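Trainee: Below is one structure. I have some questions about it.
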2 protein chains.
Amino acid sequence: MGKVGKSSYLFHNVYIKSFASVVGPKEYNGPLGSYFDKHYDSLLIDGEKSFEKSEIAYLKSSINICLSKANLNDNDINIIFCGDLNNQIAISSYAMRDLNIPYVGIFAACATATLGIINSAFYLENNGLYALSCTSSHNCTAERQFRYPNEYGTQRSCTYTSTVTGASSILLTNIKTNLIIRRATIGKVVDGKFKDSQDMGRAMAPACYHTIKRHMLDFNLSINEYDKIFTGDLSTYGSNLLIDLFKEDGIDITSKHEDCGKMIYELNCDDVTSGGSGCGCIGVVLSGYILNKLLSGELNKVLVLATGALMNPIMLAQKDTIPAICHAISIEVIK
Amino acid sequence: MGKVGKSSYLFHNVYIKSFASVVGPKEYNGPLGSYFDKHYDSLLIDGEKSFEKSEIAYLKSSINICLSKANLNDNDINIIFCGDLNNQIAISSYAMRDLNIPYVGIFAACATATLGIINSAFYLENNGLYALSCTSSHNCTAERQFRYPNEYGTQRSCTYTSTVTGASSILLTNIKTNLIIRRATIGKVVDGKFKDSQDMGRAMAPACYHTIKRHMLDFNLSINEYDKIFTGDLSTYGSNLLIDLFKEDGIDITSKHEDCGKMIYELNCDDVTSGGSGCGCIGVVLSGYILNKLLSGELNKVLVLATGALMNPIMLAQKDTIPAICHAISIEVIK
């Protein structure tokens, strides 16, 4: 492994062993429905009475599928990096009660999906055999916490994104497989001075722009290095802002760029409005769609950028702005 | 670096370069007051109108002092691991807006103090020169969030611990100094089935017991390996439970054990009751008292165990229990 430039790292021995995605009904009925390993028809599952406990069940389901695909159990895993959107990342911590795995709680809002993989990579270059990187979100736990309970029927603005109900687990190893984590760039906090909690996409676009630029600068690459550049979750509005920011540099990213938030739902202004969001959004698009497209040979080398809005409702009530962060990894197929 | 046993690690190149502690008035007036680098006379500081923004100012102050002691600035630092008790670790993320450092948000409640050091150690064995590990807590942000606003004047039980107002920063490096991080053990989530948010000490004691046992087993050590075993923050009640758990194994830890929560305040039943708590408690006792005692030669080899209660108020309202975790590091003086 080697440090490259200000914020980036090149890995030589970090591979993906298995991965799993579990989603709720709306995600299963979306354009990517057939890519997910498992879906539930309800937001309350496994007989649980609360949305929080159902989110824990979604997360545990994705971990179980991921481990069983690798023919391993929790005792085989050396470390788990896990985080979610709930206060005190309670979903992750409560899910860990039943697993005999040393646990590192991480938080980067929706950027948790790639941050867990980067931390796993730092770990695996020297230690152990297996690291799990997991994350989840749930529409009913997140909407209540960050905006309003769904039951209020609050009117949503057109920039609004809907929190994905889903969980993602990715098992990383230093034993060679066909999928390698090659490069990573750790983001810094970037504050674009946005204040609207119904427009997270645009709030995160400047951080995403900063991390892509940093990645290209540190590795001396152009965007043509990658088949696709996946962001998540910028929404239609945030994606357009990202495209505009690159246009100012004379770079057209439109042929390379896809946003996981735009991919997971059919977009319309009544329900989903401008896309999906939440740790689970880029999580399940990565462990459902992107990794399968790499395995099938339809993609060969991709950059994945998870973006997180780092505010909480108290800071917004105090009239502060929404800082954001974006962490990048590249994934390649090796023959 | 090498993995040792199920959950532990031996480091060869991870040193402490500088450290800083900043506390509020109650901590300065306590038994350890003279050890801290800086104190403020108020809980609202730097002209800020909210407790959250004051906690951000405490945290930034500790980072600035830590960097200035090392004659470095933020541009010299390769990575920062930071977390706090606020929802979405907002204090850490907002403090990062002014720093040009790639940022990894972590959460382990009060166990964040050692988790940041362990993550820094994983990082530094291969990469970069400097990693910062920082944490903070504030009495008025935490009490409101986890129990009741102080202004309510709620009656406190005798098991209650008072959240410390303070921030701690520790700069780690792979360039040799006199203080080495030698061993680490990453905890797993342990749920002792406690439910009382006014008795976090006893809720965390089983996790602490588990991590000490794991550490001794992985490295084949007895407690006599260390001059002192510092826990934080178990309170008087949690400390007694920890001592009792070891008594059942026929091991008397009383001559080795100190609890940071019991050390930071004069204990009495009217105000502080059974001790201090919060990320900042073991944080400032470590970066104020313990590291100075190592530098002065009064201690030579210590085990530091930060313990975290991983619940949030929503999980307790749903009648769930309080899971806990404990992460350990050993610090040694080298000549």
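The values are calculated or read from the model by the stated rules, or taken from the named source; none is laboratory data. Given the structure is predicted, the values throughout are model-derived calculations rather than measurements. With ideal geometry, Cβ positions are generated from the backbone for all residues, glycine too; neighbour counts draw on all protein chains shown. The area values use the complete protein model at the heavy-atom level, side chains included, leaving out ligands, DNA and RNA. Shrake-Rupley method; radii C 1.70, N 1.55, O 1.52, S 1.80 Å.
Trainee: Give the residues of the range A:268-288 that are touching a Ser or Thr at 6+ places or on another chain (Cβ under 9 Å) and surrounded by fewer than 19 Cβ atoms within 10 Å (Cβ to Cβ), sorted by residue number.
Mentor: Kept after step one, since they are touching a Ser or Thr at 6+ places or on another chain (Cβ under 9 Å), are these residues of the range A:268-288: A:271-288.
Across the range A:268-288, the qualifying residue is only A:ASP271.
Trainee: Being farther than 30 Å from A:SER92 by Cβ and among the small types (Gly, Ala, Ser) is the filter here; which residues of the range B:285-319 pass it?
Mentor: B:GLY288, B:SER296, B:GLY297 - these are the residues of the range B:285-319 that are farther than 30 Å from A:SER92 by Cβ and among the small types (Gly, Ala, Ser).
Trainee: Among the residues of the range B:188-228, write down those that are under 14 Å from B:ALA324 (Cα atoms), away from chain A (no Cβ under 14 Å) and among the aromatic types (Phe, Trp, Tyr).
Mentor: Within the range B:188-228, just B:TYR209 meets the criteria.
Trainee: Mind checking whether some residue in the range B:308-326 is over 24 Å from B:ILE223 (Cα atoms), at pLDDT 95 or above, touching a Ser or Thr at 6+ places or on another chain (Cβ under 6 Å) and in a strand (DSSP E or B)?
Mentor: yes
Trainee: Can you tell me which residues in the range A:99-112 are surrounded by fewer than 24 Cβ atoms within 10 Å (Cβ to Cβ) and more than 7 Å from every other protein chain (Cβ to nearest Cβ)?
Mentor: The one that is surrounded by fewer than 24 Cβ atoms within 10 Å (Cβ to Cβ) and more than 7 Å from every other protein chain (Cβ to nearest Cβ): A:LEU99.
Trainee: Sticking with this one: Scan the range A:52-64 for residues that are within 11 Å of chain B (Cβ to nearest Cβ) and open to solvent by less than 10 Å² (accessible area, probe 1.4 Å) and report the count. Walk me through how you get there before you give the answer.
Mentor: Going through the range A:52-64, the residues within 11 Å of chain B (Cβ to nearest Cβ) turn out to be A:52-53, A:56.
Within this subset, residues satisfying the condition of being open to solvent by less than 10 Å² (accessible area, probe 1.4 Å) are A:52.
Going through the range A:52-64 one residue at a time, the tally reaches 1.
Trainee: Got a number for residues in the range A:120-155 being closer than 23 Å to A:ALA309 by Cα, within 13 Å of chain B (Cβ to nearest Cβ), of a type outside the set (S, T, N, Q) and open to solvent by 10 Å² or more (accessible area, probe 1.4 Å)?
Mentor: Residues flagged as closer than 23 Å to A:ALA309 by Cα, within 13 Å of chain B (Cβ to nearest Cβ), of a type outside the set (S, T, N, Q) and open to solvent by 10 Å² or more (accessible area, probe 1.4 Å) within the range A:120-155 amount to 4.
Trainee: A further question follows. Quick test for you: out of B:THR165, B:THR231, B:THR185, B:THR161, pick the one residue that is within 14 Å of another protein chain (Cβ to nearest Cβ) and within 15 Å of the chain's Cα centre (by Cα). Break it down stepwise before answering.
Mentor: Details: B:THR165 fails: within 14 Å of another protein chain (Cβ to nearest Cβ); B:THR231 fails: within 14 Å of another protein chain (Cβ to nearest Cβ); B:THR161 fails: within 14 Å of another protein chain (Cβ to nearest Cβ).
Only one candidate passes the filter, namely B:THR185.
Trainee: On to the next question. Sort through B:GLY283, B:GLY238, B:GLY261 and tell me the only one that's in a helix (DSSP H, G or I) and either among the basic types (Lys, Arg) or touching a Cys at 6+ places or on another chain (Cβ under 6 Å) (or both). Working first, answer last.
Mentor: Numbers: B:GLY283 fails: either among the basic types (Lys, Arg) or touching a Cys at 6+ places or on another chain (Cβ under 6 Å) (or both); B:GLY238 fails: either among the basic types (Lys, Arg) or touching a Cys at 6+ places or on another chain (Cβ under 6 Å) (or both).
Answer to the selection: B:GLY261.
Trainee: Just wondering, is there one or more residues in the range B:156-164 that are surrounded by fewer than 18 Cβ atoms within 10 Å (Cβ to Cβ) and not charged (D, E, K, R)? First the steps, then the outcome.
Mentor: Looking only at the range B:156-164, we keep the residues that are surrounded by fewer than 18 Cβ atoms within 10 Å (Cβ to Cβ), and these are B:157-158.
Filter again for not charged (D, E, K, R), leaving B:157-158.
Yes, because at least one residue in the range B:156-164 is surrounded by fewer than 18 Cβ atoms within 10 Å (Cβ to Cβ) and not charged (D, E, K, R).
Trainee: May I ask you to say which residue of B:LYS3, B:LYS49, B:LYS17 is closer than 30 Å to B:ILE212 by Cα, within 11 Å of chain A (Cβ to nearest Cβ) and open to solvent by 30 Å² or more (accessible area, probe 1.4 Å)?
Mentor: On the way: B:LYS49 fails: closer than 30 Å to B:ILE212 by Cα; B:LYS17 fails: within 11 Å of chain A (Cβ to nearest Cβ).
The match here is B:LYS3.
Trainee: Now for a different question. Select from the range A:65-98 the residues that are more than 18 Å from A:ASN127 (Cβ to Cβ), open to solvent by 20 Å² or more (accessible area, probe 1.4 Å) and more than 7 Å from chain B (Cβ to nearest Cβ) and list them in ascending order.
Mentor: Answer for the range A:65-98, where residues must be more than 18 Å from A:ASN127 (Cβ to Cβ), open to solvent by 20 Å² or more (accessible area, probe 1.4 Å) and more than 7 Å from chain B (Cβ to nearest Cβ): A:ILE65, A:SER68, A:LYS69, A:ASN71, A:ASN73, A:ASP98.
Trainee: Yes or no: A:SER42 more than 9 Å from every other protein chain (Cβ to nearest Cβ), buried (at least 19 other Cβ atoms within 10 Å of the Cβ) and touching a helix residue (DSSP H, G or I) at 6+ places or on another chain (Cβ under 9 Å)? Before the answer, list the steps.
Mentor: Numbers: more than 9 Å from every other protein chain (Cβ to nearest Cβ): yes; buried (at least 19 other Cβ atoms within 10 Å of the Cβ): no; touching a helix residue (DSSP H, G or I) at 6+ places or on another chain (Cβ under 9 Å): yes.
When the stated conditions are applied, A:SER42 does not pass them.
Trainee: Next question. Considering only the range A:114-144, state which residues are among the aliphatic types (A, V, I, L, M) and touching a residue at least 60 places away in the same chain (Cβ under 8 Å).
Mentor: Initially, the range A:114-144 is screened for residues among the aliphatic types (A, V, I, L, M), giving A:115, A:117-118, A:121, A:124, A:129, A:131-132, A:142.
Matches in the range A:114-144: A:LEU115, A:ILE117, A:ILE118, A:ALA121, A:LEU124, A:LEU132, A:ALA142.
Trainee: Could you tell me which numbered condition A:LEU115 fails, if it satisfies all but one of (1) more than 16 Å from A:ILE282 (Cα to Cα); (2) within 10 Å of another protein chain (Cβ to nearest Cβ)?
Mentor: (1)
Trainee: Starting from the range B:303-332, take each residue that is facing chain A (nearest Cβ under 8 Å) and over 21 Å from B:LYS262 (Cα atoms) and list its partners that are part of a helix (DSSP H, G or I) and open to solvent by 10 Å² or more (accessible area, probe 1.4 Å), counting only C-beta distances under 6 angstrom and pairs at least six apart or across chains.
Mentor: B:ASN312/A:ASN87; B:PRO323/A:ARG97
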